[in-house]
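To start, the structure itself, in structure tokens.
The values are calculated or read from the model by the stated rules, or taken from the named source; none is laboratory data. Fair warning: this is a prediction, and the values are worked out from it, not measured in the lab. Here the Cβ is made from the backbone with ideal geometry for all residues, glycine too, and neighbour counts use every protein chain on show.
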Amino acid sequence: MDIAFITGANKGIGLATAERLGGMGVRVVVGAREQAKGAAAVAELVEKGVEAVAVEIDVTDDNSVRAAAELVRAEHGRVDILINNAGILPEAAAAHRVKGPMDIAMFRETFATNLFGVVTTTAAFLPLLLAAPRGRIVNVSSTVGSLADQSDPTSAYHGLVVPAYQASKAALNSITIGLSKSLADTNMKVNAVCPGWVQTDLGGPHNRAAAPTTPADAAHVVVDLALLDSDGPTGGFFDADGPVRW
């Protein structure tokens, strides 16, 4: 049985992905910043027949990440799938705090989770992934992090200006490419995914009302990359329709 570790898996896309993977026979480790929320998510998953456990992890805290990786190593010995799903969009959730497009505090807050959190988590879990028969890393990114999309006046997202979030996802895409190259001679595949404009809390209440994609639908594309066979791509950026422009 494959083992998947998912950050931010107590709600939204992460929880929907855990449910879908679990329904396909994968044992799911729910990564959550608060143990109680992780436990509640696991209870919900178990009721649906998913084999799941919760592990507390704050991706912005190096000690928390290391402790989570050690706990997973001790209890499971390996990880077949790592889904770096935890992410924040404070520019939308707290617009009144933004002091223009170069608000350094906003950049630091956003990058701490969306980029440095992914790097820290991936580094800690990489030995567990390399111990698996075939390791898969899926980085949950966004089309708004595509430089081609940001600069295309015909894009539906061209008018969206959340520079810290967009820059963090563009950097995450770059990390995805670099990591895939570094692991080219291993059993690993590393890809980035845009799950779509999803009905989650990420962008605040307005996002939940306006977004066309449910978390369950978003989980499909994440799971497809998590379960790639040996002929599948690595170092790519995909959404439900296929490759996304960098």
query = Just for the range 68-93: of the residues that are touching a strand residue (DSSP E or B) at 6+ places or on another chain (Cβ under 6 Å) and closer than 20 Å to V222 by Cα, which one is surrounded by the most Cβ atoms within 10 Å (Cβ to Cβ)?
reply = L82
ask   = Which one of these is under 24 Å from L228 (Cβ atoms), crowded, with 19+ Cβ neighbours inside 10 Å and under 20 Å from the mean Cα position of the chain (by Cα): A54, A18, A41?
value = A18
inquiry  = I'd like to check something: does the range 39-58 contain any residue that is among the aliphatic types (A, V, I, L, M) and in contact (Cβ under 8 Å) with a residue 60 or more places away in the chain?
reply    = yes
remark   = The residue that is nearest to A131 (Cα to Cα), considering only those in the range 152-178 that are of a type in the set (A, V, I, L, M, F, W, C) and crowded, with 22+ Cβ neighbours inside 10 Å, is L172
message = Looking only at the range 146-182, how many residues end up being more than 18 Å from F111 (Cβ to Cβ) and without any contact (Cβ under 8 Å) to a residue 24 or more places away in the chain?
response = 11
message = Could you check the range 14-41 and list, in sequence order, the residues that are part of a strand (DSSP E or B) and among the charged types (D, E, K, R)?
response = R27
ask   = In the range 89-112, which residue that is modelled with pLDDT of 95 or more and closer than 29 Å to V53 by Cα is farthest from the chain's Cα centre (by Cα)?
value = E109
remark   = Considering the range 155-195, residues that are at pLDDT 95 or above and of a type in the set (V, I, T), and then whichever is farthest from A92 (Cα to Cα), we arrive at T186
key: Flag if D62 is in contact (Cβ under 8 Å) with a residue 40 or more places away in the chain and surrounded by fewer than 19 Cβ atoms within 10 Å (Cβ to Cβ)   = yes
key: Test result for A86, assigned to a helix (DSSP H, G or I) and modelled with pLDDT of 95 or more   = no
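For the range 171-198, which positions are of a type in the set (G, A, S) and over 15 Å from F238 (Cβ atoms)? Break it down into steps so the answer makes sense when it comes.
Start the filter on the range 171-198 by keeping residues that are of a type in the set (G, A, S), which leaves 171, 174, 178, 180, 182, 184, 192, 196.
Correct list: A171, S174, G178, S182, A184.
Can you tell me how many residues in the range 29-51 are of a type in the set (G, A, S) and farther than 15 Å from N85 by Cβ? Please lay out each step first, then the result.
Keep residues of the range 29-51 that are of a type in the set (G, A, S), which gives 31-32, 36, 38-41, 43, 49.
Those still in the list that are farther than 15 Å from N85 by Cβ too: 36, 39-40, 43, 49.
Residues in the range 29-51 being of a type in the set (G, A, S) and farther than 15 Å from N85 by Cβ: 5 in total.
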note = All-but-one check, T143 against (1) touching a strand residue (DSSP E or B) at 6+ places or on another chain (Cβ under 9 Å); (2) in contact (Cβ under 8 Å) with a residue 40 or more places away in the chain; (3) within 30 Å of E70 (Cβ to Cβ), failing number (3)
request  = Write out, first by first residue and then by second, each pair whose Cβ atoms fall under 9 Å of each other, whose residues are 6+ apart or on separate chains, and whose first residue, in the range 217-246, is on the phi > 0 side of the Ramachandran plot and of a type outside the set (D, E) while the second is buried (at least 20 other Cβ atoms within 10 Å of the Cβ) and part of a helix (DSSP H, G or I).
outcome  = G235/T176; G235/L179
